[in-house]
1. Please turn the phi angles of the stretch 17-29 into ³J(HN,Hα) values with the Karplus equation 6.51 cos²θ - 1.76 cosθ + 1.60 (θ = phi - 60°), one per residue in order, whole Hz, x for glycine and proline.
2. Ordered by residue, what ³J(HN,Hα) values in Hz, to whole numbers, does the stretch 302-317 give under the Karplus form 6.51 cos²θ - 1.76 cosθ + 1.60, where θ = phi - 60° and Gly and Pro are x?
3. State the Cα centre-to-centre distance between the stretch 278-317 and the stretch 119-194 in whole Å.
4. Is any helix in the chain, taking whole DSSP H runs, at least 30 angstrom long along its axis by alpha carbon and on average at least -0.5 on the Kyte-Doolittle scale, and which ones?
5. Under 8 Å for C-alpha pairs, at least 6 residues apart: give me the relative contact order for the stretch 45-156, rounded to a whole percent.
6. Residues of the stretch 1-22 with backbone nitrogen within less than 20 Å of a virtual label 7 Å along the Cα-to-Cβ line of Arg39, please, listed as ranges.
7. Could you tell me which of the pairs Lys70/Lys200; Lys168/Lys311; Lys197/Lys266 are separated by over 26 angstrom between their Cα atoms in the structure shown?
8. Grab the alpha carbons of the stretch 180-307, take their convex hull, and tell me the volume per residue in Å³.
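Coordinate-derived values only; no laboratory data. Computed from a predicted structure; not experimentally measured. Neighbour counts are summed over all protein chains in view; Cβ atoms, including those assigned to glycine, are modelled from backbone coordinates with ideal geometry.
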Amino acid sequence: METMASAPGKTILFGEHAVVYGEPAIAGAVNKRATIKLRESPVDVSIFKSDDLGFEAELDTIAKKYTLKKGKPGIINYILEILSKYHDHSPIEVDLSLDIPIGSGLGSSAAVTVSTLAALFKYHGKKFDKFSLAQKAHEVEINVQGVASPLDTRVSTFGGLIYLSRDKNIDRLNTNLKSSFVIGYTSKRGNTGRMVKSVKSLKQRNPKIINSIIKTMGNITDEAKLSIVQGREYRLGELMNINQGLLDSIGVNTNELSRMVYLARKAGASGSKITGAGGGGSIIACCPRNQDKVFNALNYYDNAIKLNFSKNGVFVK
Ligand code: MEV
């Protein structure tokens, strides 16, 4: 028997880093997905493979170890964590298709985690709802990364554009935005765990200053929620630019990200900022007009994607 599950990546519009300290955030599922197929292994050992990532590994799901056959492991620790906890250790083949660039800040690890859990629960005939799936996926991310907010896994599970409130409730945002967005991602991967730890230690050294910056980020997110609902795209761009200044101040900017942020604005974006953890990874630009111009400028510099939000979260077959 074969089961299949697919889950989207995400982009954070507002609230990255601040969300780790209880502030709200806005994020949307994107039209890029992770798809997992599970079947009995053709050999007597479990296998994790991905043609898209060009790798294959044999897994020891009890000892949480792997032997690499081809390529680089990347996302493998999430798979091992899930199989060691929720699988009965019978030989299984896990086949990943991924069109979300890894380390780009577009939530590849959350999408892989959510889709693998959903496919595995179906494989074992276990009933689940989206709330418990998102919760379990969040726990997997914490175990693998050490730190994570529930944002990525929730967006990947539920889809759509969401506002995660201070008390961790989800509001689905009905947007009147006509804008299109562009993601520019640098070839240098971001490391979420490392960036979250570096903000934490900056905060420990400068509690008063950094706490007030984090609070201001939360206020920006609340204003942005209004702008999204009211469809005020130029206001939204302005808020993105203010947020970018604050992200820079907490040390998650890089030369390359900064370059892309300003290139996007020069090409006509109404606003642009880092999306995700920073330190590499991606920026997002709001483009009420000029989507092609912004896309071309960013793609010429490094890589770019024209972004569409996706209403669809995880689904299983
Ligand atoms: C990473 O996509 C977003 C951060 O806020 C970390 C998290 O929310 O877990 C930097």
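1. Computed from phi, the couplings for the stretch 17-29 are 6, 4, 5, 5, 9, x, 7, x, 8, 10, 9, x, 6 Hz.
2. Going residue by residue, I get 8, 10, 9, 9, 7, 9, 10, 6, 10, 6, 8, x, 6, 9, 10, 10 Hz, with x marking Gly and Pro.
3. Measuring centre to centre over Cα atoms gives 17 Å.
4. 207-230
5. Computed value for the stretch 45-156: 23 percent relative contact order.
6. Answer for the stretch 1-22: 1-7.
7. In this structure, Lys70/Lys200; Lys197/Lys266 exceed 26 Å between Cα atoms.
8. Convex hull of Cα atoms, per residue: 89 Å³.
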